[in-house]
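Undergrad: Would you mind keeping the following structure in view while I ask a few things?
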Amino acid sequence: MSAYNPDNIFAKILRGDIPNHTVYENEQILAFMDVMPQARGHVLIVPKTQAVELSDLPAEYAQAVFAAAKKIIAAQRKILKRHGIVQMQLNGEEAGQSVLHYHMHLIPGHVHELGQHEEKMADHAELAELAAQLRAALAE
Ligand code: DGP
């Protein structure tokens, strides 16, 4: 298991040092659009605690991540018009985890249709539009 590095990119996003396209936020988690989506509407849920991977994640934050995931999946189904949502989470660099702060991926579509992990950057205008639509669905 790697030691937690407070300068990882998601820690910077949580501190507000780097911008993001926020979908949903509460005291325990921040959810935002993945900038290298494996499908349209790919969202990440990041707990506001210093955990590298699932083994480090306190139970109350795991609960908060899953509670948020249920809400976000409903919004993705409504906005993306896809019923299938792939839930993915990598534990450790040996699994391909590149950002060493726990995060859950929620990716609309069938697992066989997904793009490669971290293949290409998305268009920021499209991410902003999708985030606005998902925020509106979550606020209903
Ligand atoms: P993982 O390999 O599970 O650690 O995936 C990291 C994901 O984070 C990957 O899908 C790309 C995404 N990502 C990397 N850097 C940034 C960033 O600065 N902003 C956002 N929104 N996503 C990022």
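Undergrad: Which shape class, rounded, prolate or oblate, goes with region 68-140 when its Cα gyration tensor gives a ≥ b ≥ c as root eigenvalues, a/c under 1.5 marks rounded, and past that a/b bigger than b/c marks prolate?
TA: On the way: a/c = 1.68, a/b = 1.56, b/c = 1.08.
Prolate, since a/c reaches 1.5 and a/b exceeds b/c.
Undergrad: Of 28, 98, 80, which is farthest along the charge dipole of region 1-100 in the positive direction, counting Lys and Arg as +1 and Asp and Glu as -1 at C-beta?
TA: 80
Undergrad: A further question follows. Measure nothing but the geometry: give the 0 to 90° angle between the long axis through the Cα atoms of 59-80 and the longest principal axis through the Cα atoms of the chain, rounded to 10°.
TA: Orientation of helix 59-80: about 20 degrees from the principal axis.
Undergrad: Separate question: Going by a ≥ b ≥ c, the root eigenvalues of the Cα gyration tensor, does region 1-76 fall in the rounded group (a/c under 1.5), the prolate group (a/b larger than b/c) or the oblate group? If you can, show how the numbers build up before the last one.
TA: Values: a/c = 1.66, a/b = 1.21, b/c = 1.38.
Note, shape of region 1-76 comes out oblate.
Undergrad: Let me ask another. Excluding residue 119 itself, calculate the net charge of residues whose Cβ lies under 15 Å from the Cβ of residue 119, where each Lys or Arg counts +1 and each Asp or Glu counts -1. Don't skip to the answer; put the middle values down first.
TA: On the way: positive: 40, 120; negative: 34, 113, 118, 123.
With Lys, Arg at +1 and Asp, Glu at -1, the neighbours total -2.
Undergrad: Which value, in debye to the nearest 20, gives the size of the charge dipole of the chain about its Cα centre, when Lys and Arg are +1 and Asp and Glu are -1 at the Cβ? Spell out each step's value before the answer.
TA: Numbers: 12 positive and 17 negative charges, 123 e Å.
For this selection, approximately 600 debye.
Undergrad: As a check on your grasp of the helix formula, calculate [θ] at 222 nm for the chain: sum -39500 (n - 2.57) over DSSP H runs of n ≥ 4, divide by the residue count, round to the nearest 500.
TA: On the way: 3 runs with 45 residues, N = 140.
Dividing the helical sum by the residues of the chain leaves -10500 deg cm²/dmol.
Undergrad: Between residue 59 and residue 136, how many nm apart are label points set 7 Å from Cα along the C-beta direction?
TA: Using points 7 Å along Cα→Cβ, the separation is 4.1 nm.
Undergrad: Further, regarding this structure: Roughly how far apart, in whole Å, are the Cα centres of region 1-20 and region 41-88?
TA: Each part's Cα centre sits 17 Å from the other's.
Undergrad: Kindly identify region 4-140 as rounded, prolate or oblate by the Cα gyration tensor criterion: order the square roots of the eigenvalues as a ≥ b ≥ c, call it rounded if a/c is under 1.5, otherwise compare a/b with b/c, prolate if a/b is larger, else oblate. Before the final figure, lay out the partial values.
TA: Numbers: a/c = 1.40, a/b = 1.27, b/c = 1.11.
It comes out rounded by the Cα gyration axes.
Undergrad: Sticking with this structure for a sec: Can you tell me how much longer the chain between residue 17 and residue 35 gets when fully stretched, taken as 0.36 nm per residue apart minus their C-alpha distance, in nm with one decimal? Each step should come with its number before you reach the end.
TA: Values: separation 18, 0.36 × 18 = 6.48 nm, distance 1.61 nm.
Here the segment from residue 17 to residue 35 would lengthen by 4.9 nm.
Undergrad: Can you tell which of 92, 84, 16 shows the greatest fluctuation in a Gaussian network model of the chain with Cα springs below 10 Å?
TA: 16
FYI, it's all coordinate maths here, none of it is from the lab. Keep in mind that this is a model prediction, so the values were computed, not measured. Positions of Cβ are generated from backbone atoms using ideal geometry, with glycine treated the same way; all protein chains shown enter the neighbour counts.
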